[in-house]
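Enquirer: Got a structure here, written out as structure tokens. Questions coming.
The values are calculated or read from the model by the stated rules, or taken from the named source; none is laboratory data. Remember, predicted model here, so these are calculated numbers, not experimental data. No Cβ is skipped: glycine too gets one built from the backbone with ideal geometry, and neighbour counts run over all protein chains shown. Accessible surface areas use protein heavy atoms only, side chains included; no ligands, DNA or RNA. Shrake-Rupley method; radii C 1.70, N 1.55, O 1.52, S 1.80 Å.
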Amino acid sequence: ENIESRIALYLKGHPEFVSVDYPIHGPDFGLLNKSEVGQKPGFTDLLSEHLFTYARNLESTKKILDHKMQLLEESEEKFRSIFEQAAMGIALVGPDGSWLEVNDKICEIVDYSKDELLCLTFQDITFTDDLQADLDFMQQLLDGAIDHYSMEKRYIKKSGELTWIELTVSLTRNLDGSPKYFVSVVED
């Protein structure tokens, strides 16, 4: 089949490709207008060269993305393994105090299932007399005055019984500096 006539037909239906200035990553086809398509000597060679360059770039990009995806999956697997199998309770807590993720050990400490705990906030299960100290430390984290804190406090188990825990908390931030979540480590 005649590639020049196909290109001319395509460009006729897509005039935006003829008049737009594109960044140069190979031959500059933006310099051609409709009347020149198929008439300039070497156009087919230029187009072939451009398409092969584009295909090589796509192939390289795909290899890089596949490799990065593999590394990300391995990292996620390691994180999940550490998070779930830790001998201590670990939780990701939202800036509002909601439980975002919890491991089995923290559920065991407070006698709530994951689903139940994820419907609560840490404030809901913190003994009233201990809550303000925890909130004050959290505010210091948010303000950047400290980078982590540890404290002893009491959680209220599902049964209503109190349990003493040692809590260590740090804050993870988004790229813009806003709070993302707290990382809480809980020891019974």
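Enquirer: Starting from segment 73-84, take each residue that is within 16 Å of Val185 (Cβ to Cβ) and without any contact (Cβ under 8 Å) to a residue 60 or more places away in the chain and list its partners that are open to solvent by 80 Å² or more (accessible area, probe 1.4 Å) and in a helix (DSSP H, G or I), counting only C-beta distances under 9 angstrom and pairs at least six apart or across chains.
Expert: Pairs found: Glu84/Asp104.
Enquirer: Moving to a separate point now. Checking Tyr155 against (1) touching a residue at least 40 places away in the same chain (Cβ under 8 Å); (2) surrounded by 15 or more Cβ atoms within 10 Å (Cβ to Cβ); (3) not in a strand (DSSP E or B), which single condition isn't satisfied?
Expert: (3)
Enquirer: So Glu187 ticks every box in (1) open to solvent by 30 Å² or more (accessible area, probe 1.4 Å); (2) in contact with a Cys (Cβ under 7 Å, 6 or more places away or on another chain) but one. Which box is left unticked?
Expert: Among (1) open to solvent by 30 Å² or more (accessible area, probe 1.4 Å); (2) in contact with a Cys (Cβ under 7 Å, 6 or more places away or on another chain), Glu187 violates only (2).
Enquirer: Follow-up question, since we're still on this one. Restricting to segment 92-113, name every residue that is of a type in the set (S, T, N, Q), in contact with a strand residue (DSSP E or B) (Cβ under 6 Å, 6 or more places away or on another chain) and either open to solvent by 20 Å² or more (accessible area, probe 1.4 Å) or at pLDDT below 95 (or both).
Expert: Step one: of segment 92-113, the residues of a type in the set (S, T, N, Q) are 98, 103, 113.
Still in the list and also in contact with a strand residue (DSSP E or B) (Cβ under 6 Å, 6 or more places away or on another chain): 98, 103.
Scanning segment 92-113 gives a single hit, Ser98.
Enquirer: Collect the residues in segment 158-184 that are under 19 Å from Gln132 (Cβ atoms) and open to solvent by 30 Å² or more (accessible area, probe 1.4 Å), keeping them in residue-number order.
Expert: Leu162, Trp164, Glu166, Thr168, Leu171
Enquirer: Please verify whether segment 127-149 includes one or more residues that are open to solvent by less than 60 Å² (accessible area, probe 1.4 Å) and polar (S, T, N, Q). Spell out the reasoning first.
Expert: Pass one, segment 127-149, residues open to solvent by less than 60 Å² (accessible area, probe 1.4 Å): 127, 130-131, 133-135, 138, 141-142, 144, 146, 149.
Retained after the next criterion (residues that are polar (S, T, N, Q)): none.
No, every residue in segment 127-149 fails to be open to solvent by less than 60 Å² (accessible area, probe 1.4 Å) and polar (S, T, N, Q).
Enquirer: Next question, about the same structure. For the structure I just gave you, tell me whether Leu51 is among the aliphatic types (A, V, I, L, M), surrounded by 11 or more Cβ atoms within 10 Å (Cβ to Cβ), out of contact with any Leu (no Cβ under 8 Å at 6 or more places or on another chain) and without any contact (Cβ under 8 Å) to a residue 40 or more places away in the chain.
Expert: Details: among the aliphatic types (A, V, I, L, M): yes; surrounded by 11 or more Cβ atoms within 10 Å (Cβ to Cβ): yes; out of contact with any Leu (no Cβ under 8 Å at 6 or more places or on another chain): yes; without any contact (Cβ under 8 Å) to a residue 40 or more places away in the chain: yes.
So Leu51 passes the test.
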